[in-house]
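The values are calculated or read from the model by the stated rules, or taken from the named source; none is laboratory data. The structure presented is a predicted model; accordingly, all values stated were derived computationally and were not measured. Positions of Cβ are backbone-derived with ideal geometry, glycine not excepted, and every protein chain shown enters the neighbour counts. For the accessible areas, the whole protein counts, side chains as well, though only heavy atoms, and no ligand, DNA or RNA atoms are used. Shrake-Rupley method; radii C 1.70, N 1.55, O 1.52, S 1.80 Å.
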Number of protein chains: 2
Amino acid sequence: MAHTFDTIAIAHTGFKEKFGIPRQPGLAPAARGQLEILPPYDQPEAFDGLEQCSHLWLQFVFHRASSDQWRPRVRPPRLGGQKSLGVFATRAPVRPNPIGLSVVRYEGLHRREGKLWLDVSGVDLLDGTPILDIKPYVPYVDALTAAENRVASAPPTQLPIRFTPASVQACADYHTDTGIDLHALIAQVLAQDPRPRYQAPDPERRYGMRLYDRDVHWHYRQAASEQDTTWEIEVVDLVVPKDSR
Amino acid sequence: MAHTFDTIAIAHTGFKEKFGIPRQPGLAPAARGQLEILPPYDQPEAFDGLEQCSHLWLQFVFHRASSDQWRPRVRPPRLGGQKSLGVFATRAPVRPNPIGLSVVRYEGLHRREGKLWLDVSGVDLLDGTPILDIKPYVPYVDALTAAENRVASAPPTQLPIRFTPASVQACADYHTDTGIDLHALIAQVLAQDPRPRYQAPDPERRYGMRLYDRDVHWHYRQAASEQDTTWEIEVVDLVVPKDSR
């Protein structure tokens, strides 16, 4: 039996490509999003009371995942990409119905340029994500403190992040121009280590990801103070992408 | 933009009508459900790992709610049916996209009569509800202990429930015949007080709701020990519905 739903909003975020997006919401509190509420849903009274909620649920479409490609087993990046699990035991985007679920922080509702916008933070959504529903987070129902998940029991460990003086200056300039705190966002996003876990970091290689309209470049360094092989990330520079020049 | 999704499972529950269903999941832990996983999704390996999770999310269709009837403001029963809120500040079933979200407890996966069944408890789903997705509950992401919701900050107060000797016996007989603990389910469901809050209880009136294949009858009594007007429920009897005789 098929069910058809309408896009009620479009998420605008700094995540322009899948690579590097935090694998769960809330891991990067600096990741802001603006939900453009589409007509006929763009009535402020439809959101009346949401300002009394610190958090809300977004049910959305993984619009760049093809559900035709779903497989019963997937290899979550969280498990190093080597161990497989049933698709319904994961939050993987490639699944029979590509409907995502993310809890984000409510940051406000306002009208701008004739449109209604709902501001959120802690997003893990690709720019352009279609939103199907917005619901209040209800702590006494949703916050199950006794729940257990032995597959994903704790947040991933975070890498230490350093910035070169050039990249600090580039972030400061970007903040002046746009009001966007790219320094905090880069630090929080890269601390999750976007690299596929089965790949050993190559200190010679320059990595990059797009955030807003900048390419962020970084490399991996072995942390000097440790006997074990531990890694840190150094952010090298922000670059205006070639395709936008 | 329209998005079409496929039913991956059908929920079988004791809730045969909307009246009386707990207004959130988890309020009635005795409410069991069996999800009949539909082909081609009925592959046990697609669920491998879910047994390591105590709870799971169900994304489902409010199949008896008409989204054509959505209004920007709704009057949640929780607020006595008198105060209105924006539809997106509530979990009301009549909403632009009638997609529900419930967290339930994982109780097991098994094959029976050639079908794959996922057992859950704490359900608040109408019998026959189409399921769109099943996801693991991830406590470090989903259990926001610092979240606030000042519209619905605590579970509703529960009414005391008494059973007549006849109803106790009927529940015991039903348990012997079916293995279903109707006594616990009735106590937990009626403690939520299914009556619309704007209606004062009428002690003369006999109320009824269907649970599985029985009609549960009860009435309201003023609790004797209190000076204030407080109410309790007395379960009078279980009756085989006329339409099934």
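Just to check your reading of the model, which residue among A:ARG197, A:ARG205 is basic (Lys, Arg) and modelled with pLDDT of 90 or more?
Numbers: A:ARG197 fails: modelled with pLDDT of 90 or more.
From the options A:ARG197, A:ARG205, the qualifying one is A:ARG205.
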So, in region B:1-20, exactly how many residues are more than 8 Å from chain A (Cβ to nearest Cβ) and open to solvent by 30 Å² or more (accessible area, probe 1.4 Å)?
6
What about B:TYR140, is it part of a helix (DSSP H, G or I) and touching a Pro at 6+ places or on another chain (Cβ under 9 Å)?
yes
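Is it the case that B:ARG95 is over 23 Å from A:PRO130 (Cα atoms) and within 21 Å of the chain's Cα centre (by Cα)? Before the answer, list the steps.
Details: over 23 Å from A:PRO130 (Cα atoms): no; within 21 Å of the chain's Cα centre (by Cα): yes.
In short, no.
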Residues that are assigned to a loop (DSSP other than H, G, I, E, B), among the polar types (S, T, N, Q) and free of Cβ contacts under 8 Å to residues at least 40 places away in the same chain, drawn from region A:55-89:
A:SER66, A:SER84
Identify, from the list B:PHE60, B:PHE47, B:PHE88, the residue that is buried (at least 20 other Cβ atoms within 10 Å of the Cβ), under 24 Å from A:THR145 (Cα atoms), modelled with pLDDT of 95 or more and within 9 Å of chain A (Cβ to nearest Cβ).
B:PHE47
Scan (1) at pLDDT 95 or above; (2) open to solvent by 40 Å² or more (accessible area, probe 1.4 Å); (3) part of a loop (DSSP other than H, G, I, E, B); (4) at the interface with another protein chain (Cβ under 9 Å from one of its Cβ atoms) for the single condition A:TYR41 breaks and write down its number.
(2)
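Restricting to region B:114-129, give me the number of residues that are surrounded by fewer than 21 Cβ atoms within 10 Å (Cβ to Cβ) and either on the phi > 0 side of the Ramachandran plot or facing chain A (nearest Cβ under 7 Å) (or both).
To start, the set of residues in region B:114-129 that are surrounded by fewer than 21 Cβ atoms within 10 Å (Cβ to Cβ) comprises B:114-117, B:119, B:121, B:126-128.
Imposing the further condition that a residue be either on the phi > 0 side of the Ramachandran plot or facing chain A (nearest Cβ under 7 Å) (or both) reduces the set to B:114, B:128.
So the answer is 2.
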Is there a residue in region A:103-119 that is over 30 Å from A:ASP213 (Cβ atoms) and over 22 Å from the mean Cα position of the chain (by Cα)?
no
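Please pick out the residue among B:ALA166, B:ALA170 that is open to solvent by 40 Å² or more (accessible area, probe 1.4 Å) and more than 7 Å from chain A (Cβ to nearest Cβ).
Details: B:ALA170 fails: open to solvent by 40 Å² or more (accessible area, probe 1.4 Å).
Exactly one residue qualifies, and that residue is B:ALA166.
Which of the residues that make up region B:63-80 are charged (D, E, K, R) and more than 9 Å from chain A (Cβ to nearest Cβ)? Lay out the reasoning, then the answer.
Going through region B:63-80, the residues charged (D, E, K, R) turn out to be B:64, B:68, B:71, B:73, B:75, B:78.
Correct list: B:ARG64, B:ASP68, B:ARG75, B:ARG78.
For B:ALA30, indicate whether it is open to solvent by 20 Å² or more (accessible area, probe 1.4 Å), among the hydrophobic types (A, V, I, L, M, F, W, C) and touching a Gly at 6+ places or on another chain (Cβ under 9 Å). Give the steps one after another, and end with the answer.
Working: open to solvent by 20 Å² or more (accessible area, probe 1.4 Å): yes; among the hydrophobic types (A, V, I, L, M, F, W, C): yes; touching a Gly at 6+ places or on another chain (Cβ under 9 Å): yes.
When the stated conditions are applied, B:ALA30 passes them.
Given the structure, is B:PRO139 facing another protein chain (nearest Cβ under 7 Å) and touching a Gly at 6+ places or on another chain (Cβ under 9 Å)? Break it down into steps so the answer makes sense when it comes.
Working: facing another protein chain (nearest Cβ under 7 Å): yes; touching a Gly at 6+ places or on another chain (Cβ under 9 Å): no.
No, not satisfied.
Looking at region B:194-213 only, could you name the residues that are out of contact with any strand residue (DSSP E or B) (no Cβ under 6 Å at 6 or more places or on another chain) and open to solvent by 50 Å² or more (accessible area, probe 1.4 Å)? Working first, answer last.
Quick first cut of region B:194-213, residues out of contact with any strand residue (DSSP E or B) (no Cβ under 6 Å at 6 or more places or on another chain) only: B:194-200, B:202, B:204-205, B:210-213.
Once the filter is applied, which keeps residues that are out of contact with any strand residue (DSSP E or B) (no Cβ under 6 Å at 6 or more places or on another chain) and open to solvent by 50 Å² or more (accessible area, probe 1.4 Å), region B:194-213 yields B:ARG197, B:TYR198, B:GLN199, B:ALA200, B:ASP202, B:GLU204, B:ARG205, B:ARG210, B:ASP213.
Return a yes/no flag: does region A:178-193 have any residue that is open to solvent by less than 20 Å² (accessible area, probe 1.4 Å), part of a loop (DSSP other than H, G, I, E, B) and in contact (Cβ under 8 Å) with a residue 24 or more places away in the chain.
Kept after step one, since they are open to solvent by less than 20 Å² (accessible area, probe 1.4 Å), are these residues of region A:178-193: A:182, A:185-186, A:189-193.
This time we only want the ones that are part of a loop (DSSP other than H, G, I, E, B), so: A:192-193.
Next, from what is left, pick out any that are in contact (Cβ under 8 Å) with a residue 24 or more places away in the chain: A:192-193.
The answer is yes, given that some residue of region A:178-193 is open to solvent by less than 20 Å² (accessible area, probe 1.4 Å), part of a loop (DSSP other than H, G, I, E, B) and in contact (Cβ under 8 Å) with a residue 24 or more places away in the chain.
Restricting region B:143-158 to residues that are facing chain A (nearest Cβ under 7 Å) and in contact (Cβ under 8 Å) with a residue 60 or more places away in the chain, which is least open to solvent (accessible area, probe 1.4 Å)? Before you say what the answer is, go through the steps one by one.
Here is the first cut: in region B:143-158, the ones facing chain A (nearest Cβ under 7 Å) are B:143-145, B:147-152, B:154-155.
Those still in the list that are in contact (Cβ under 8 Å) with a residue 60 or more places away in the chain too: B:151-152, B:155.
On the way: B:VAL151: 31, B:ALA152: 16, B:PRO155: 72 Å².
Looking at residues that are facing chain A (nearest Cβ under 7 Å) and in contact (Cβ under 8 Å) with a residue 60 or more places away in the chain, I get B:ALA152.
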Being of a type in the set (S, T, N, Q) and under 30 Å from B:ARG64 (Cα atoms), is that true of even one residue in region B:165-176?
no
Which of the numbered conditions does B:ARG73 fail, given that it passes all the others? Conditions: (1) open to solvent by 30 Å² or more (accessible area, probe 1.4 Å); (2) over 28 Å from A:ALA2 (Cβ atoms); (3) within 14 Å of the chain's Cα centre (by Cα).
(3)
List the number of the failed condition for A:ARG95; all other conditions in (1) open to solvent by 10 Å² or more (accessible area, probe 1.4 Å); (2) under 17 Å from B:TYR137 (Cα atoms); (3) of a type outside the set (A, V, I, L, M, F, W, C) hold.
(1)
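If you take the residues of region A:26-38 that are in contact (Cβ under 8 Å) with a residue 60 or more places away in the chain and part of a loop (DSSP other than H, G, I, E, B), which of them is farthest from the other protein chains (Cβ to nearest Cβ)? Talk me through it step by step, then tell me what you get.
Initial filter on region A:26-38 (in contact (Cβ under 8 Å) with a residue 60 or more places away in the chain): A:26-37.
Then keep just the ones that are part of a loop (DSSP other than H, G, I, E, B); that gives A:26-31.
Values: A:GLY26: 6, A:LEU27: 8, A:ALA28: 12, A:PRO29: 12, A:ALA30: 17, A:ALA31: 14 Å.
Among those residues, the one meeting the criterion is A:ALA30.
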